[in-house]
Amino acid sequence: MQKKIPMRRCVGCMASFPKGEVVRFVVSDGKPAIDRTGKLNGRGVYLCRSLQCFDLAMKKKRLAHALGISLTPDEAATLREEYAKEISNAEVTE
Ligand SMILES: [Zn+2]
């Protein structure tokens with residue numbers, strides 16, 4: 001049985017990954033948030049679970065640009081922490 005896997009482009013390395021392998025970011029109430037359920041509304045921006053890609057996307061302002069907002073250094077730092085937590089959680093098997 002073949003199922004087409006939706007691909008998502010990482011705004012860090014700009015490569016495409018299967019939907020399940022990326023972290024989705026959305027803007028919620030004007031603030032950047034990680035969409036853990038994949039159900040939040042809004043334009044999604046994706047990163048391939050790499051901290052390097054997060055830093056690159058931040059440095060090039062691709063994340064904020066893709067989300068259509070501007071990030072304060074505080075917001076960027078908070079988001080980075082959440083993202084780091086999110087990608088380390090994923091490695092824990094249930
Ligand atoms: Zn990437």
Quiz item: Within a Cβ distance under 10 Å of Ala33, other residues only, what is the Lys/Arg minus Asp/Glu net charge?
Solution: 0
Self-check item: trypsin sites (Lys or Arg not before Pro) restricted to DSSP loop in region 1-59 with at most 12 other C-beta within 10 Å
Solution: Lys3, Lys4, Arg36, Lys39, Arg43
Practice problem: If a/c stays under 1.5 just call it rounded; otherwise compare a/b with b/c (prolate if a/b is bigger, oblate if not). Do that for region 7-89, with a ≥ b ≥ c from the square roots of the Cα gyration tensor eigenvalues. | Solution: rounded
Quiz item: Which of Ile87, Ile69 comes first, and how do the rest follow, when ranked by fewest Cβ neighbours within 10 Å?
Solution: Ile69, Ile87
Self-check item: For the chain, with +1 on Lys and Arg beta carbons and -1 on Asp and Glu, the positive-most of Met58, Pro6, Asn89 along the dipole
Solution: Pro6
Quiz item: What residues have an amide H closer than 5 Å to that of Asp35, excluding those fewer than 5 places away on the same chain, when H is modeled at 1.01 Å from N in the peptide plane?
Solution: Arg24, Phe25, Val26
Exercise. For region 72-83, just list the computed ³J(HN,Hα) in residue order, Karplus coefficients 6.51, -1.76 and 1.60, θ = phi - 60°, integers in Hz, with x standing in for Gly and Pro.
Key: 6, x, 5, 5, 5, 5, 4, 5, 5, 4, 4, 5
Practice problem: Quote the FRET efficiency, to the nearest 0.05, computed for Ile69 versus Lys3 with a Förster distance R0 of 35 Å and r equal to the Cβ-Cβ distance. | Solution: 0.55
Quiz prompt | Calculated [θ] (222 nm, deg cm²/dmol) that DSSP helices of n ≥ 4 give over the chain, each run adding -39,500 (n - 2.57) | solution = -10000 deg cm²/dmol
Quiz prompt | For the chain, share of DSSP beta bridges that run antiparallel, in % to the nearest 5 | solution = 90 percent
Exercise. Any of Lys31/Lys85; Lys3/Lys31; Lys3/Lys85; Lys4/Lys31; Lys4/Lys61 with alpha carbons more than 23 Å apart? Name them for me.
Key: Lys3/Lys31; Lys3/Lys85; Lys4/Lys31; Lys4/Lys61
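Every number in this text was worked out from the coordinates using simple rules, so none of it is lab data. Just so it is clear, the model here is predicted, and its values are computed rather than measured. All Cβ positions, even for glycine, are placed from backbone atoms using ideal geometry, and neighbour counts span all protein chains on display.
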